[in-house]
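These notes concern the structure reproduced below.
Just so you know, all these numbers are worked out from the coordinates, no wet-lab data involved. This one's a predicted model, so the numbers in the text were calculated from it and none came from an experiment. Note that we place each Cβ from the backbone using ideal geometry, even for glycine, and neighbour counts take in every protein chain shown.
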Amino acid sequence: MQNRIKETLALEDKASTDLPSAQRAVAQGTRTAYFGVLSGQGQAKALEAAETSSQSALDATKLGYQVGVRINIDVLNAQSALFQTKRDLAKARYDVLLTGLKLRQASGTLKAEDLGPVNALLAK
């Protein structure tokens with residue numbers, strides 16, 4: 001009986017010692033996820049502007065090709081740049097969704113119903 005009491009007291013001391021470390025780890029994980037969301041949103045916004053710019057460049061290159069000042073490879077390169085930007089934008093949006101879920105998880109607010117809207121967006 002005395003040994004169980006000593007063991008229980010030792011476990012209580014260990015838990016008390018481990019608590020601040022666990023709290024710091026949760027706070028750090030939450031901060032990291034929050035700043036990841038902010039960074040991802042900024043990157044997505046920049047890529048949206050880049051997509052518009054790439055589309056304008058493609059349109060201008062196509063017009064140049066039609067009037068004879070550009071060659072076919074210029075149009076293909078412009079199309080390739082646009083598709084790379086679209087790919088990067090889709091990845092950035094996906095990362096924002098994923099990091100948002102990680103933030104909810106780190107803050108302890110993630111629920112199963114949070115996945116429904118994310119699944120709907122990913123299905124598009």
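With 0.36 nm allotted per residue and the present C-alpha distance subtracted, the Ser53-Lys91 stretch has 11.9 nm of extension available. Within the same chain, aspartates and glutamates fewer than 8 places from Lys45 are excluded, and of the rest, those with a Cα less than 15 Å from its Cα are Asp88, Asp95.
Using only side-chain charges placed at the Cβ, +1 for Lys and Arg and -1 for Asp and Glu, the dipole size of the chain relative to its Cα centre rounds to 60 debye. Based on alpha-carbon atoms, the Kirkwood radius and the radius of gyration of the chain give Rg/Rh equal to 1.37. In this structure the amide hydrogen of Arg70, modeled in the peptide plane, comes within under 5 Å of the amide hydrogens of Tyr65, none closer than 5 places in sequence on its chain. Every helix of 4 or more DSSP H residues in the chain counts as -39500 (n - 2.57), and over all residues that averages to -33000 deg cm²/dmol at 222 nm. Label separation (Val118 vs Val67): 4.9 nm, computed from points 7 Å beyond Cα along the C-beta direction.
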